[in-house]
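Note sheet for the following structure.
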Amino acid sequence: MPFRSIRWYGVPCPCLLLVAALSLCPVPAVAQDTIPAGVRVGLTYDPSTRPGVFVTAVAGEHGDSVRAILARDLDFGDRLTVISAEAGPPPSGRFNYELYLKLGASAIVQASVTRQGSLHVAVHDVAAKRVLNVADFAFNGSAPLSAAWRMAVHRASDEVERWITSTRGIAASRIAFVRDQRLWFVDSDGANLTPVGVGGIALSPAWHPTGRYIAYASMADDGTHINVRDLGTGQTRRIPSLGGTNITPAFSPDGSTLLFSAGDDGTDLYAVAPFGGEAPRRVTFGRGTPTSSPTFSPDGRKIAYISGRLGHPEVYITDADGTNAELLTESPSGDRPYRASPDWSPDGRSVAFTSQEGPNLQVMVISMRDRKIRQLTGDARNEDPSWAPDGRHVVFTSTRSGAKQLWVLDTESGRTRQLTRGAGVARMAAWSPRMEQP
Amino acid sequence: MHARIRSLALAALAVSAMTTTACKKKPVVAPAPTPVVAPPFNQDSANAAEAARRAAAETAAKAAADRAAAEAAARLAAAVAAAKAEFAMPVYFDYDMSNIRDDQRATLEAKLPIFAANPDMRIRVAGHTDNRGSDEYNLALGQRRAAEVKRYLVTRGIAEDRIDVVSFGEERPAVAQDNEDAWGKNRRGEFEIIAGANPFKLPR
């Protein structure tokens, strides 16, 4: 309904101008969808500016949904400013780049759903007045608007973000979490909320680096055990238990090792082959202190974890074989410290964790370069951060809207958004790796 | 006047006595003019009477015994229930601590005679936490609490293999509220008999 856009005495808003301009130039866009070989593409991207991007109307079946998902993904990526002007009809001719420049767009995303069942996407560099990149993203026969179909659109969004900013987006990822002591999944944009049918109380989900398996702890009357679930087949394998308490699993970055916490006196970290074949190998020797929540550095060489050896929980790091343990989070004087829930960032540069700050827990991040600690949250109780694959966003548990829900924070800009809503308590979030083409 | 009332009352009594006698439809037994021949002694009916008397006595005795037994059983059941409740009494912990508090030792000491009376008994100690700290660290802390309870009992002579330990962290609160009182009640070690105490024997 373009007439709604007319504001004053027939002076049209920019989007109407745009629509008019686009419809005047009926030259096929396909001719531009090539990049000369050997030419490096990519806009000059400055992380502090968030270049503007305009997502045009999308031709083909469910084009409106595709456009909405693309625009939202690029917005949630926090690296681009999505220009919210009406789309008008899908563009069909030569682009009037000056017009987009006036809208503040550095890039144009032009997409269409093809008859062959894929998503064709072209990104235009507005300043250079040419097509920056083109690709097709297969829906692989998935039903329109289904979870797999949405994931295909998310993959397109992530590539678009990479073309424009040279950093791939994180839309094609999911978050595993615990709600009312059951496992759930939700897509990175909050859609496709799905319970996972595992019996008993489920805790502490952890992703395999392929995204194909998930490890979690399950609690019954006789204790807590570690399980590895194949998300494709639904088959679940229980890791042989060491005593009654087996908690907080974590996969190594190469996927060959599963680390978890177990023990009869205190708890210690044990390494085991996630798919069988090896006896558990003890990694830490806490001498009867509580130890939990391991997280690997992305090169797999180091582990961060919680230990209560000082009489209160602090984050320690150690070599992956358990040697050279050292306190990571230095205790300040004053209040009794309480540091927990470490998660090593995928770029290796920092560890996010939870710290008692005054009356509440807060999400913090420590730089591995200079050990400087930065507080990321301050409103209500915030805890248990998990890094997105971009090493920039974290998902965490917060009480800022009442009961515990999951929120996503951009650690660069401080922008937050609520990921889960509704009844029940959501917690123990684990952000998946990028979901590659199935 | 008093004398008149008394004589009237006497007269009334006499009338009522006569009336009562007259009303009884009993055959009037006349004074026997001839010597009475004693009826022959019937041994069978005497035996029967004696047996009936004895049976009644026995039934009464049995009822009394049953009653006593039932009372004793009820007393025993109450004592067993009390002892089990005593045994199930949780021990409580301070925030983020796993050491046994001085004021909780008596609770643990009270369980020792029950271990002694039931030598085959095996138990599970479950460590719990409040919901203030990290959910995951609380699982580890609950394990420490259960382990501390076990350590205490072992040092008091209970065999190690009679005690399993498990942690439920903050996942099974005793009081699902967010205040100091609830937190204090949730930071606990719980005791569950899992084998070897059926029948449950009371300590002497």
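Could you tell me which residue of segment A:130-175 is nearest to A:Tyr213 (Cα to Cα), considering only residues that are part of a loop (DSSP other than H, G, I, E, B) and not small (Gly, Ala, Ser)? The qualifying residue nearest to A:Tyr213 (Cα to Cα) is A:Ile170. A:Ser355 falls short of the stated requirement of being in a strand (DSSP E or B), on the phi > 0 side of the Ramachandran plot and touching a strand residue (DSSP E or B) at 6+ places or on another chain (Cβ under 9 Å). Restricting to segment A:378-394, name every residue that is buried (at least 24 other Cβ atoms within 10 Å of the Cβ) and out of contact with any Asp or Glu (no Cβ under 9 Å at 6 or more places or on another chain). Scanning segment A:378-394 gives A:Asn382, A:Ala388. Do we find that B:Ile114 is in a loop (DSSP other than H, G, I, E, B), touching a Leu at 6+ places or on another chain (Cβ under 9 Å) and either away from chain A (no Cβ under 13 Å) or touching a residue at least 40 places away in the same chain (Cβ under 8 Å) (or both) in this structure? For B:Ile114, the condition - in a loop (DSSP other than H, G, I, E, B), touching a Leu at 6+ places or on another chain (Cβ under 9 Å) and either away from chain A (no Cβ under 13 Å) or touching a residue at least 40 places away in the same chain (Cβ under 8 Å) (or both) - is not met. Here segment A:296-311 is the region considered, the condition is being loosely packed, with under 15 Cβ neighbours inside 10 Å and over 27 Å from A:Thr210 (Cα atoms), and the residue that is nearest to the other protein chains (Cβ to nearest Cβ) is A:Gly311.
Once segment A:208-220 is narrowed to residues that are more than 14 Å from every other protein chain (Cβ to nearest Cβ) and touching a Pro at 6+ places or on another chain (Cβ under 6 Å), the residue that is farthest from A:Ile170 (Cα to Cα) is A:Ile214. Put simply, of A:Gly190, A:Gly199, A:Gly223 the only residue that is closer than 23 Å to B:Glu170 by Cα and away from every other protein chain (no Cβ under 14 Å) is A:Gly199.
What do you reckon, is A:Ala403 more than 14 Å from every other protein chain (Cβ to nearest Cβ), surrounded by fewer than 23 Cβ atoms within 10 Å (Cβ to Cβ) and at pLDDT below 95? Considered against the rule, which asks whether it is more than 14 Å from every other protein chain (Cβ to nearest Cβ), surrounded by fewer than 23 Cβ atoms within 10 Å (Cβ to Cβ) and at pLDDT below 95, A:Ala403 comes out as no.
Filter segment B:160-182 down to the residues that are facing another protein chain (nearest Cβ under 10 Å) and part of a helix (DSSP H, G or I) and list them by number. Passing the criteria: only B:Glu160.
Taking every residue in segment B:134-159 that is more than 9 Å from chain A (Cβ to nearest Cβ) and pairing it with any residue that is among the aromatic types (Phe, Trp, Tyr) and surrounded by fewer than 24 Cβ atoms within 10 Å (Cβ to Cβ), at least 6 positions away or on another chain, the pairs with Cβ-Cβ distances below 7 Å are B:Ile158/B:Phe115. Being under 17 Å from B:Gln143 (Cα atoms), in contact with a Leu (Cβ under 9 Å, 6 or more places away or on another chain) and aromatic (Phe, Trp, Tyr) holds for only one residue in A:Phe285, A:Phe251, A:Phe260, and it is A:Phe260. Which residues, taken from segment A:406-438, are away from chain B (no Cβ under 14 Å) and of a type in the set (Lys, Arg)? Across segment A:406-438, the qualifying residues are A:Arg415, A:Arg417, A:Arg421, A:Arg434.
Taking the numbered list (1) in contact with a Phe, Trp or Tyr (Cβ under 7 Å, 6 or more places away or on another chain); (2) farther than 25 Å from B:Leu139 by Cα in turn, A:Ser350 passes all entries but (1). Residues of segment A:296-314 that are in contact with a helix residue (DSSP H, G or I) (Cβ under 8 Å, 6 or more places away or on another chain) and assigned to a strand (DSSP E or B): A:Ile306 alone. Restricting to segment A:281-295, and then to whatever is of a type outside the set (Lys, Arg), part of a loop (DSSP other than H, G, I, E, B) and within 14 Å of chain B (Cβ to nearest Cβ), can you tell me which residue is surrounded by the fewest Cβ atoms within 10 Å (Cβ to Cβ)? Here the residue is A:Gly288. Somewhere in segment A:315-326, is a residue modelled with pLDDT of 95 or more, within 14 Å of another protein chain (Cβ to nearest Cβ) and either within 23 Å of A:Ile226 (Cβ to Cβ) or in a strand (DSSP E or B) (or both)? Scanning segment A:315-326 turns up at least one residue that is modelled with pLDDT of 95 or more, within 14 Å of another protein chain (Cβ to nearest Cβ) and either within 23 Å of A:Ile226 (Cβ to Cβ) or in a strand (DSSP E or B) (or both). Might you let me know whether segment A:404-412 holds any residue that is farther than 22 Å from A:Ala172 by Cβ and assigned to a loop (DSSP other than H, G, I, E, B)? Yes, there is a match, as at least one residue in segment A:404-412 is farther than 22 Å from A:Ala172 by Cβ and assigned to a loop (DSSP other than H, G, I, E, B). Take the conditions (1) more than 14 Å from chain B (Cβ to nearest Cβ); (2) assigned to a loop (DSSP other than H, G, I, E, B); (3) in contact with a strand residue (DSSP E or B) (Cβ under 7 Å, 6 or more places away or on another chain); (4) not small (Gly, Ala, Ser); A:Arg229 misses just one of them, which is (2).
B:Ala197 - would you say it is within 31 Å of the chain's Cα centre (by Cα) and over 23 Å from A:Asn246 (Cα atoms)? Against the criterion (within 31 Å of the chain's Cα centre (by Cα) and over 23 Å from A:Asn246 (Cα atoms)), B:Ala197 qualifies.
The values are calculated or read from the model by the stated rules, or taken from the named source; none is laboratory data. Because the structure is predicted, anything quoted here is derived from the model rather than measured. Glycine gets a Cβ as well: all are built from the backbone with ideal geometry, and neighbour counts include every protein chain shown.
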